[in-house]
Structure formats: C-alpha cells, structure tokens
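Novice: Structure below; questions to follow.
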Amino acid sequence: MKKCFITEEKAREIASRYPTPYYVYDEKGIEDNFKELLDAFSWNKGFKEFFAVKATPNPVLLKLLRAMGCGVDCSSYTELLMAEKLGFSGDEIMFSSNETAPEEYVLAKKLGAFINLDDITHIDFLKEVAGIPERICMRYNPGGDFTLNNRIMGTPADAKYGMTRTQLSEAVRRLQAEGVKEFGIHAFLASNTLGSDYYPALAEVLFTTVKELQEETGAKFIFVNLSGGVGIPYRPEQEKNDIRLIGEGVRKAYEKTLAGTGIRIFTEMGRYVLGPYGMLITKAIHFKHIYKEYVGVDACAANLMRPAIYGAYHHITVLGKENAPCNKVYDVVGSLCENSDKFAVDRSLPEIEKGDLLAIHDAGAHGYSMGYNYNGKLRSAEVLLRKDGSYELIRRAETVDDYFATFDILPEFKK
Ligand SMILES: *Cc1c(COP(=O)(O)O)cnc(C)c1O
C-alpha cells in the first residue's frame with residue numbers, strides 16, 4: 001500500500017494559503033532516501049551523485065541536496081545558470097547535453113563543469129567555441145538491445161545519444177592530442193528500471209570499456225558516470241528498489257575490473273532521488289455521469305504531463321479517506337481541451353465528494369518540470385513540507401502577468 005507523506009489537515013492548511021493545485025515535497029523523505037543512497041555507495045571513496053536538474057529544477061530543493069553533498073547534472077544554458085546562481089561550481093557540475101549550442105559549452109567551460117561529450121564531432125565544435133578542457137567525459141552508446149535476464153530494458157541502437165565503441169577509441173586519441181589529461185565515461189541505457197540489476201550490468205559494460213580504452217590508449221580515467229535510470233514503484237504492487245543491493249552489485253563489478261584504481265563512481269539520478277517525495281495536490285470540483293463516471297479536478301496535464309503523454313500510472317489517494325473502501329470506479333480528469341488529459345482511467349477509489357483533496361503520488365521528478373502553458377493554464381506553486389511539520393513556499397504560482405510577459409512588445413500588454 002502506498003502511503004501519503006501529508007495529512008488531509010496539513011494539505012488543507014496549505015491550500016488555505018496557496019490554492020490548489022499545488023506541488024508539495026517531503027524534506028524528511030528526501031533526506032532519508034539520499035542518506036541511504038550515499039551509504040550504498042560509500043565503498044567508493046569518490047562517489048558523487050549529480051542530481052539531474054531537469055527532473056525537478058527547484059532552487060530550494062537543489063540547495064537541500066547540495067547540503068548533503070549532491071552535485072547537479074545540467075543539460076542546458078538555463079540549468080547551468082541556475083546551478084551557478086545556487087553556488088554550484090566546478091566539480092559539482094556535470095554538463096550532459098546533446099545538440100549543444102555554442103553558448104552552452106562556453107558557460108560550462110567557464111564554470112569548470114565536467115563536460116560530457118555526446119558525439120565525436122563535438123570535439124572540434126567544443127574546441128572552436130570554448131576550447132578543450134583538461135578533463136572530459138564521453139557518452140557511450142553500445143548499440144543493439146540492452147537486456148537484463150532476457151528482458152529488453154532499452155534499445156540503445158534507436159537512441160540518439162552517445163558515440164559508438166569505435167568512435168570512443170578515436171575520441172580518446174583525438175582528445176589526448178588536444179591535451180586532455182583525465183577522462184570519464186557515461187552511458188544511459190534504460191529508464192525507470194525496477195529491480196537491482198540495471199546499474200550493476202551497466203557498470204560492467206562501462207568498467208570493461210574503461211579497461212580496454214586504458215590499455216589501447218594509455219588514457220587516464222578518473223570516473224565512471226552511471227547516469228540516471230534507477231526507477232521508483234509508481235504502482236502500489238511494485239517494490240522499492242533496494243539501493244544497498246544496487247550499490248553492492250556495482251561494487252562487485254568494480255572489484256572484478258577496476259579494483260585498486262580509485263576510479264570514482266558518479267550517478268545522475270533524478271527520479272530515484274526526488275520522485276516519491278513530491279505530490280500534486282488537487283481538488284475535486286466537478287462530477288460527470290455519462291458513459292463513464294468522471295471526477296473533474298482543478299489540476300490538468302499542464303501541471304503533470306506523464307499520464308497524458310506516456311499513459312503513466314500515478315497512484316491517487318483521496319486525503320482523509322485513506323482507509324475507506326475503494327468501491328467506486330472513476331476517470332479522474334483535468335480541464336484541458338485534450339482527451340488525453342486524464343490522471344487516472346477506470347481507477348478504483350473511495351467515493352469522492354466535491355471539495356475532496358486528491359494527492360497524486362510520485363510527482364517529485366519529471367512532474368512540475370514538464371509543465372507547460374497549453375490552454376493558457378498557469379503553473380502551480382511548489383511547497384516544501386519541512387521536517388518539523390512547518391511548510392514553506394519554494395516557488396510561487398504563475399500569474400496571468402507571467403503568461404502575458406512575453407507579449408510586452410505589444411501595446412495592449414505593455415506594463
Ligand atoms: C534524464 C536524465 C537523467 C535522469 O534520469 P532519471 O530517469 O530521472 O534517473 C540523468 N542523466 C541524463 C543525461 C538524463 O538525460
């Protein structure tokens with residue numbers, strides 16, 4: 001059974017100041033989970049997590065993570081600027097981009113970030129626009145299918161990211177000639193994985209590749225970046241990944257290939273670090289009885305897009321009715337003029353009444369950040385529930401003025 005980190009009473013208290021829909025995050029859950037992650041990889045002295053900013057680009061949450069030793073993985077100019085403003089620098093920033101714009105490389109280089117090259121052609125491009133740093137990372141795409149226990153977990157051959165194995169060898173040689181002294185390697189081969197075998201299997205691929213590349217070229221590797229892809233149990237019947245087992249699996253692979261090298265392990269988890277610790281709180285405002293039973297809520301796909309674009313399951317708790325029998329079947333829908341705007345289809349829930357607050361679970365990563373303004377919808381507020389039970393606004397809701405701001409070139413909208 002999935003539990004909510006917020007009570008109905010607290011959710012209503014927040015709603016009286018910051019109207020629904022709003023996002024709420026759980027400081028305690030975030031901290032406990034992050035400590036477990038650090039613990040699971042503590043066998044590797046140089047271990048560092050670089051939180052994937054795109055998953056939850058909130059300054060207060062990024063600072064909370066930084067205080068626990070977390071870095072950031074940025075993918076764009078704006079994310080790099082945000083990291084800089086928050087005091088992240090050099091070794092705390094990974095820059096994993098693709099189809100990169102010149103000014104992005106310039107800023108990444110200026111900040112001293114680890115630059116993760118998506119393609120071999122970016123060597124010349126980076127050289128031309130920003131210069132080649134002495135330390136660099138390369139993104140690997142091994143092609144084919146990525147399988148675990150006969151299950152296909154991803155198809156790297158269809159993914160636009162990374163370099164082929166042959167290109168990696170060539171890239172190392174070219175980069176050495178450009179004065180690079182220290183290398184890292186990165187790959188992201190499967191998304192939202194459950195079970196404890198993804199990172200260890202990926203680690204084995206990358207560790208072996210590092211060993212080969214070192215033998216071939218004499219290059220010095222200082223880190224292996226396992227990227228993101230560790231999943232969370234969105235469905236109530238799924239189990240949370242055992243991060244200890246995952247860390248242990250990576251350790252075993254390390255002992256086999258890289259023992260004694262001191263090569264650092266990096267990760268770029270987004271979903272695993274924040275996903276379960278954020279929820280979208282929304283109010284039931286309409287009921288409709290046609291061929292199906294609909295509950296209309298005040299949030300929509302513009303607040304949380306995953307159900308609409310991936311058909312993703314997000315668990316829903318009706319606050320205050322946690323223990324009531326789920327004896328009704330509803331489609332829980334938002335207000336977009338778009339039939340995919342459904343948070344749940346044929347979901348068994350307790351009987352919902354007007355004004356009930358619904359908590360949509362596991363929205364702490366790839367939730368708010370994927371929001372958009374379709375139908376003139378405005379982005380919601382974000383609130384942090386502190387360990388002591390207090391709460392704090394960590395991003396205000398958008399206003400109509402924010403939406404109109406880019407029309408200020410026109411007389412009707414001049415401020
Ligand atoms: C999206 C992304 C991540 C984070 O992925 P999760 O699924 O949130 O773990 C990490 N690294 C890169 C390069 C990404 O694009």
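The values are calculated or read from the model by the stated rules, or taken from the named source; none is laboratory data. Quick caveat, the model's predicted, so the values are computed rather than measured. With ideal geometry, Cβ positions are generated from the backbone for all residues, glycine too; neighbour counts draw on all protein chains shown. These accessible areas exclude ligands, DNA and RNA; they are computed on the full protein's heavy atoms, side chains included. Shrake-Rupley method; radii C 1.70, N 1.55, O 1.52, S 1.80 Å.
Novice: For residue 177, which of the numbered conditions (1) open to solvent by 70 Å² or more (accessible area, probe 1.4 Å); (2) modelled with pLDDT under 95; (3) farther than 25 Å from residue 249 by Cα fails to hold?
Specialist: Here residue 177 meets the rest and fails (2).
Novice: In the list 380, 348, 369, which residue meets the criterion of being more than 23 Å from residue 56 (Cα to Cα) and of a type outside the set (Asp, Glu)? Show your work before the answer.
Specialist: Values: 380 fails: more than 23 Å from residue 56 (Cα to Cα); 369 fails: more than 23 Å from residue 56 (Cα to Cα).
The unique qualifying residue is 348.
Novice: Still on this model: Right, residue 340: closer than 30 Å to residue 273 by Cβ and part of a helix (DSSP H, G or I) or not?
Specialist: Values: closer than 30 Å to residue 273 by Cβ: yes; part of a helix (DSSP H, G or I): no.
No; evaluated as a whole, the condition is false for this residue.
Novice: Quick one: would you say residue 69 is of a type in the set (Gly, Ala, Ser) and open to solvent by less than 30 Å² (accessible area, probe 1.4 Å)?
Specialist: Working: of a type in the set (Gly, Ala, Ser): yes; open to solvent by less than 30 Å² (accessible area, probe 1.4 Å): no.
It is false that residue 69 is of a type in the set (Gly, Ala, Ser) and open to solvent by less than 30 Å² (accessible area, probe 1.4 Å).
Novice: Scan segment 367-382 residue by residue and report those that are farther than 19 Å from residue 3 by Cα and within 21 Å of the chain's Cα centre (by Cα).
Specialist: Kept after step one, since they are farther than 19 Å from residue 3 by Cα, are these residues of segment 367-382: 368-382.
The answer is 368, 369, 370, 371, 372, 373, 379, 380, 381, 382.
Novice: Still on this model: Of all residues in segment 155-172, which are within 16 Å of the ligand (Cβ to nearest atom) and in a helix (DSSP H, G or I)?
Specialist: Across segment 155-172, the qualifying residues are 156, 158.
Novice: With the structure loaded, tell me whether residue 212 is in a helix (DSSP H, G or I), out of contact with any helix residue (DSSP H, G or I) (no Cβ under 9 Å at 6 or more places or on another chain) and without any contact (Cβ under 8 Å) to a residue 24 or more places away in the chain or whether it fails that test. It would help to see each step written out before you state the result.
Specialist: Working: in a helix (DSSP H, G or I): yes; out of contact with any helix residue (DSSP H, G or I) (no Cβ under 9 Å at 6 or more places or on another chain): no; without any contact (Cβ under 8 Å) to a residue 24 or more places away in the chain: yes.
It is false that residue 212 is in a helix (DSSP H, G or I), out of contact with any helix residue (DSSP H, G or I) (no Cβ under 9 Å at 6 or more places or on another chain) and without any contact (Cβ under 8 Å) to a residue 24 or more places away in the chain.
Novice: Further, regarding this structure: Filter segment 225-252 for residues that are more than 16 Å from the ligand (Cβ to nearest atom) and assigned to a loop (DSSP other than H, G, I, E, B) and give the result. Step through it out loud before you land on a result.
Specialist: So the first thing to find is which residues in segment 225-252 are more than 16 Å from the ligand (Cβ to nearest atom), and the list is 235-237, 239, 242, 244-245, 248-249, 251-252.
Residues satisfying the conditions are 235, 236, 237, 239, 242.
Novice: Tell me whether segment 197-209 contains one or more residues that are surrounded by fewer than 16 Cβ atoms within 10 Å (Cβ to Cβ), under 19 Å from residue 241 (Cα atoms) and within 13 Å of the ligand (Cβ to nearest atom).
Specialist: No: segment 197-209 contains no residue that is surrounded by fewer than 16 Cβ atoms within 10 Å (Cβ to Cβ), under 19 Å from residue 241 (Cα atoms) and within 13 Å of the ligand (Cβ to nearest atom).
Novice: So which residues in segment 56-77 are over 19 Å from residue 35 (Cβ atoms) and within 15 Å of the ligand (Cβ to nearest atom)?
Specialist: Hits for segment 56-77 are 57, 58, 73, 74, 75, 76.
Novice: So residue 342 clears everything in (1) surrounded by 15 or more Cβ atoms within 10 Å (Cβ to Cβ); (2) farther than 23 Å from residue 12 by Cβ; (3) more than 25 Å from the chain's Cα centre (by Cα) except one condition, right? Which one?
Specialist: (3)
Novice: For the subset of segment 137-154 comprising residues that are in a loop (DSSP other than H, G, I, E, B) and away from the ligand (no atom under 16 Å from the Cβ), which member is nearest to residue 91 (Cα to Cα)? So that I can check it myself, show each step before the final result.
Specialist: Pass one, segment 137-154, residues in a loop (DSSP other than H, G, I, E, B): 141-145, 149-150.
From the residues that got through so far, the ones that are away from the ligand (no atom under 16 Å from the Cβ) too are 143-145, 149-150.
Values: 143: 30, 144: 33, 145: 33, 149: 36, 150: 38 Å.
The selected residue is 143.
Novice: Still on this structure, please answer the following. Please go through segment 173-196 and give me each residue that is within 16 Å of the ligand (Cβ to nearest atom) and in a loop (DSSP other than H, G, I, E, B), ordered by number.
Specialist: Filtering segment 173-196 down to residues within 16 Å of the ligand (Cβ to nearest atom) leaves 184-196.
187, 188, 189, 190, 191, 192, 194, 195, 196 - these are the residues of segment 173-196 that are within 16 Å of the ligand (Cβ to nearest atom) and in a loop (DSSP other than H, G, I, E, B).
Novice: What number of residues within segment 350-366 satisfy the criterion of being surrounded by fewer than 22 Cβ atoms within 10 Å (Cβ to Cβ) and under 30 Å from the mean Cα position of the chain (by Cα)?
Specialist: Step one: of segment 350-366, the residues surrounded by fewer than 22 Cβ atoms within 10 Å (Cβ to Cβ) are 350-356.
Those left that are additionally under 30 Å from the mean Cα position of the chain (by Cα): 356.
Number of matching residues: 1.
Novice: Please find, among 330, 368, 391, 310, the residue that is within 16 Å of the ligand (Cβ to nearest atom) and touching an Asp or Glu at 6+ places or on another chain (Cβ under 9 Å). Steps first, please.
Specialist: Working: 330 fails: within 16 Å of the ligand (Cβ to nearest atom); 391 fails: within 16 Å of the ligand (Cβ to nearest atom); 310 fails: touching an Asp or Glu at 6+ places or on another chain (Cβ under 9 Å).
Testing whether each residue is within 16 Å of the ligand (Cβ to nearest atom) and touching an Asp or Glu at 6+ places or on another chain (Cβ under 9 Å) leaves just 368.
Novice: Just checking, which of 277, 294 is within 16 Å of the ligand (Cβ to nearest atom) and open to solvent by 10 Å² or more (accessible area, probe 1.4 Å)?
Specialist: Working: 294 fails: within 16 Å of the ligand (Cβ to nearest atom).
After ruling out the rest, the residue left standing is 277.
Novice: Pick from 41, 51, 34: which is closer than 22 Å to residue 381 by Cβ and either modelled with pLDDT under 95 or open to solvent by less than 20 Å² (accessible area, probe 1.4 Å) (or both)?
Specialist: Exactly one of 41, 51, 34 is closer than 22 Å to residue 381 by Cβ and either modelled with pLDDT under 95 or open to solvent by less than 20 Å² (accessible area, probe 1.4 Å) (or both), namely 51.
Novice: Answer yes if at least one residue in segment 138-147 is closer than 28 Å to residue 230 by Cα, among the basic types (Lys, Arg) and in contact with a Leu (Cβ under 7 Å, 6 or more places away or on another chain), and no otherwise. Explain how you work it out, then say what you get.
Specialist: The initial filter retains those residues of segment 138-147 that are closer than 28 Å to residue 230 by Cα, namely 138-147.
Right, trim to among the basic types (Lys, Arg) and you get 139.
Okay, now just the ones that are also in contact with a Leu (Cβ under 7 Å, 6 or more places away or on another chain), so 139.
Yes, because at least one residue in segment 138-147 is closer than 28 Å to residue 230 by Cα, among the basic types (Lys, Arg) and in contact with a Leu (Cβ under 7 Å, 6 or more places away or on another chain).
Novice: Testing residue 105 on (1) of a type outside the set (A, V, I, L, M); (2) open to solvent by less than 50 Å² (accessible area, probe 1.4 Å); (3) closer than 26 Å to residue 215 by Cα, one condition comes back false. Which one is that?
Specialist: Result: residue 105 fails condition (3) only.
Novice: A further question on this structure: Only residues in segment 5-18 that are closer than 15 Å to residue 392 by Cα count as the first member; pair them with residues that are open to solvent by 80 Å² or more (accessible area, probe 1.4 Å) and at pLDDT 95 or above, Cβ under 9 angstrom, at least 6 apart or cross-chain, and list the lot.
Specialist: Close Cβ pairs satisfying both conditions: 18/396.
Novice: OK, next. If I filter segment 24-55 down to residues being among the charged types (D, E, K, R) and within 15 Å of the ligand (Cβ to nearest atom), which single residue comes out as farthest from residue 265 (Cα to Cα)?
Specialist: First, the residues of segment 24-55 that are among the charged types (D, E, K, R): 26-28, 31-32, 35-36, 39, 45, 48-49, 54.
Retained after the next criterion (residues that are within 15 Å of the ligand (Cβ to nearest atom)): 48-49, 54.
Numbers: 48: 7, 49: 9, 54: 21 Å.
It comes out as 54.
Novice: Can I ask one more? Any residue in segment 215-238 that's in contact (Cβ under 8 Å) with a residue 24 or more places away in the chain and open to solvent by 10 Å² or more (accessible area, probe 1.4 Å): show its pairings with residues that are among the acidic types (Asp, Glu) and within 16 Å of the ligand (Cβ to nearest atom) at Cβ separation under 8 Å, as long as the two are six or more apart or on different chains.
Specialist: Filtered contacts from segment 215-238: 234/362.
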